[in-house]
Amino acid sequence: MSFDEIRERARLGRYPIRGGGARRAVPTFDDLTFLTASASRYPLEGYREHCATRTVLGAANARDPVVLEIPITIAGMSFGALSAPAKEALGRAASEVGTATTTGDGGMTPEERMSSKTLVYQCLPSRYGFNPDDLRAADAIEVVLGQGAKPGGGGMLMGQKLGPRVAAMRTLPEGIDQRSACRHPDWTGPDDLRIKIEELREATDWRVPVFVKIGATRVYHDVRLAATAGADVVVVDGMQGGTGATQDVFIEHTGIPTLAAVRLAADALADFPDVALIVSGGIRSGADVAKALALGADAVSIGMAALVALGCNDTVHDFGPASYADLGTTAGNCVACHTGGCPVGIATQSPGLQARLDPVRGAERVANYLRAITMETTMLARACGKADVHHLEPEDLVALTVEAAAMARVPLAGTEWIPGR
Amino acid sequence: MDIDLSTTTVRTANATLRALPPGATARLTNPAGRHNLAVGLTEEITVEIDGTAGYYVGGLSKNATVLVHGTTGWGAGENLMSGLIRVDGDASQSLAASAHGGTIVVRGDASLRAGISLKGATVLVAGNVGDHCGFMAQAGTILVGGDAGRGLGDSLYEAVIYVAGRIKDLGADARVEELAESDVELVARLAKQHGFDHIDPENVTRVASARQLYHWGTP
Ligand SMILES: Cc1cc2nc3c(=O)[nH]c(=O)nc-3n(C[C@H](O)[C@H](O)[C@H](O)COP(=O)(O)O)c2cc1C
Ligand code: SF4
């Protein structure tokens, strides 16, 4: 811990809170590289040979499975953490490229329902704003057990962001510092979860798939328990995963890297061929997407990267008052989502700041970004000789570091060696 | 209409209930502790359950009346939006968890965490409640005709708990408050409405949030 961080604690008398994901260096997908085609493999032509990206989730149990045109979804980020225009923009962008977006801790807004073709509805421990009408309006349900940024912890939303609309949706007094439960109110273990999942299916007439989201800790066991409890899709969020507000110590010191989590989760699902895997936490580029798919994910989810595409940490505009400087930071380094003072109108409930975000133009940027990383993904898949991004496999990868080789269980580049094997 | 659960699956039974028009009544026989009975109802129908129901009976419902002539498992009436759930026997854990509206009545005792994260519903338990009743309850009313266990009202938000009997101890940020006339009127009305004659409205303890945990982080 730096001296500055010690001083901050000395000033506050409590743990510092912030947004964003882990900033410490951990092994990532960047530590892997693809063995693309050459003499022993045959590549596909980039400009005319098709590489499929369509992804179907939950076909085994749900009457209406989730059908995505690309294997990249927008992760759950609450209305409350994010502004209404930000939620709307994410919905528009996802719809434009044929993918799903997700509600968050605080319920579903009409804006996001209307703007999202496919909307995943979260069922969290807090149950803020959770109700059967919105449940039935959703295209999938995600029972959240945890998040990569704070596995084992509950949500929080600081008073600055609990404006009248957010407070009413959550049935909370305006302006309080919200502390949410870390455990669901009506079930505890995996046997109860099975009954809970059945209840959600009953309430929706077995129409939509049920996802279970976990923070990546004891991944192998947790994923198996979630699958045994009846999940159609398990979402595993690695330690780099972003958040709207969490204790810094949680963000930096809990969970395992996404790189390690994917392989464990994929192994855990080996006996569950009908259960799909979504992986999130630090996914930024098409290379990250392709590598996650190669290691066994069926799709990935993105949070912070979608916000950055939307304008988070952007320097383009000169905002004058209420800028990064007022939050004690600079563009490019901001993680002040918890303060509600977001200078670009994304992580705020202030009407003045929200007005800085144009949801239509913001959606264009996010849609473009999703298209771009999908192109990167298919480009890599084609170069590996795959006509479908889901055909990527661990065999297509090697590791650049011993750590990454051990975690992803692919050989160290130039060797046959997988540490521990 | 009678639906015999010894020969009908829960899924079929619930689908049948959901297809009933407003005003209809149905009886579920031989429930044998099956889970998720009468879940996700939307119309003003009456469902009687002859025996023991498992987890989440009447959960995620609105408008309906569900009468359980027996005991229930966890989460009876969880996330109820409106309508009535009445349990003649005892209720297990997390009674009325996160219920937004309507009324949940238990004529026997309720186990741990009754009224947990309550969001506006009215919860009445004639007998005793276990530990952590009203945990993080955000809005609504809980009336306990008997005694309350440990940690009553732990981390309460704006829900109010009335206890006619003894309280083992209070949870974090819960406090006893003086009874106002409006409290007595409310308790008297609820007790009369549901036949809880053993409750003396003048002699209940009102427990509400001390609101000391409302601002723990804002600088
Ligand atoms: C502003 C913000 C708010 C979030 N809110 C929620 C939430 O309400 N529920 C949830 O399950 N995860 C929430 N998350 C976590 C994301 O769903 C996702 O797991 C994470 O952002 C993935 O990591 P990435 O940001 O590196 O892509 C939030 C993340 C951010 C950045
Ligand atoms: S710019 Fe806004 S959304 Fe981005 S980190 Fe800062 S406060 Fe959060």
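The values are calculated or read from the model by the stated rules, or taken from the named source; none is laboratory data. Note that the structure is a prediction, hence the values are computed from the model and not measured. Note: ideal-geometry Cβ built from the backbone for every residue, glycine included; neighbour counts use all protein chains shown.
Hey, could you check the range A:105-118 for residues that are within 14 Å of ligand 1 (Cβ to nearest atom) and on the phi < 0 side of the Ramachandran plot and say which is surrounded by the most Cβ atoms within 10 Å (Cβ to Cβ)? Spell out the reasoning first.
Of the range A:105-118, the ones within 14 Å of ligand 1 (Cβ to nearest atom) are A:105-109, A:112.
If we keep only those that are on the phi < 0 side of the Ramachandran plot as well, we get A:105, A:108-109, A:112.
On the way: A:D105: 28, A:M108: 24, A:T109: 23, A:E112: 25.
Checking each candidate, the answer is A:D105.
Specify which of the listed residues (B:I116, B:I161, B:I167) is among the β-branched types (V, I, T) and within 11 Å of chain A (Cβ to nearest Cβ).
On the way: B:I161 fails: within 11 Å of chain A (Cβ to nearest Cβ); B:I167 fails: within 11 Å of chain A (Cβ to nearest Cβ).
Sole residue among the options that is among the β-branched types (V, I, T) and within 11 Å of chain A (Cβ to nearest Cβ): B:I116.
Filtering the range A:348-374 to residues that are within 14 Å of ligand 1 (Cβ to nearest atom) and among the hydroxyl-bearing types (S, T, Y) leaves A:T348, A:Y369. Please go through the range A:154-168 and pick out each residue that is of a type in the set (G, A, S) and more than 14 Å from chain B (Cβ to nearest Cβ). If the condition is that a residue be of a type in the set (G, A, S) and more than 14 Å from chain B (Cβ to nearest Cβ), then no residue fits.
Among B:T52, B:T46, which is the only one that is at pLDDT 95 or above and closer than 28 Å to B:G149 by Cα?
On the way: B:T46 fails: closer than 28 Å to B:G149 by Cα.
Of the residues listed, the single one that is at pLDDT 95 or above and closer than 28 Å to B:G149 by Cα is B:T52.
Considering each of A:D267, A:D326 in turn, give the residue that is surrounded by fewer than 24 Cβ atoms within 10 Å (Cβ to Cβ), within 14 Å of chain B (Cβ to nearest Cβ), more than 11 Å from ligand 1 (Cβ to nearest atom) and assigned to a helix (DSSP H, G or I). Write out each step before concluding.
Numbers: A:D267 fails: within 14 Å of chain B (Cβ to nearest Cβ).
Criteria check complete, one pass: A:D326.
Restricting A:G341, A:G345 to those that are more than 14 Å from chain B (Cβ to nearest Cβ), within 16 Å of ligand 1 (Cβ to nearest atom), assigned to a loop (DSSP other than H, G, I, E, B) and surrounded by 18 or more Cβ atoms within 10 Å (Cβ to Cβ) reduces the list to A:G345. Among the candidates B:G134, B:G130, the residue that is buried (at least 24 other Cβ atoms within 10 Å of the Cβ) and assigned by TED's automatic domain parsing to the domain that holds B:H194 is uniquely B:G134.
Among the residues in the range B:67-84, are any surrounded by 20 or more Cβ atoms within 10 Å (Cβ to Cβ), within 27 Å of A:G107 (Cβ to Cβ) and among the charged types (D, E, K, R)? There is at least one residue in the range B:67-84 that is surrounded by 20 or more Cβ atoms within 10 Å (Cβ to Cβ), within 27 Å of A:G107 (Cβ to Cβ) and among the charged types (D, E, K, R).
Of the residues screened, B:R18 is not one that is of a type outside the set (V, I, T) and within 17 Å of B:T122 (Cβ to Cβ).
Just wondering, is there one or more residues in the range B:127-138 that are within 27 Å of A:E174 (Cα to Cα), part of a strand (DSSP E or B) and touching a residue at least 40 places away in the same chain (Cβ under 8 Å)?
Looking for residues that are within 27 Å of A:E174 (Cα to Cα), part of a strand (DSSP E or B) and touching a residue at least 40 places away in the same chain (Cβ under 8 Å), one finds none in the range B:127-138, hence no.
The set of residues in the range A:229-254 being in contact with a helix residue (DSSP H, G or I) (Cβ under 9 Å, 6 or more places away or on another chain) and in a helix (DSSP H, G or I) consists of A:D248 alone.
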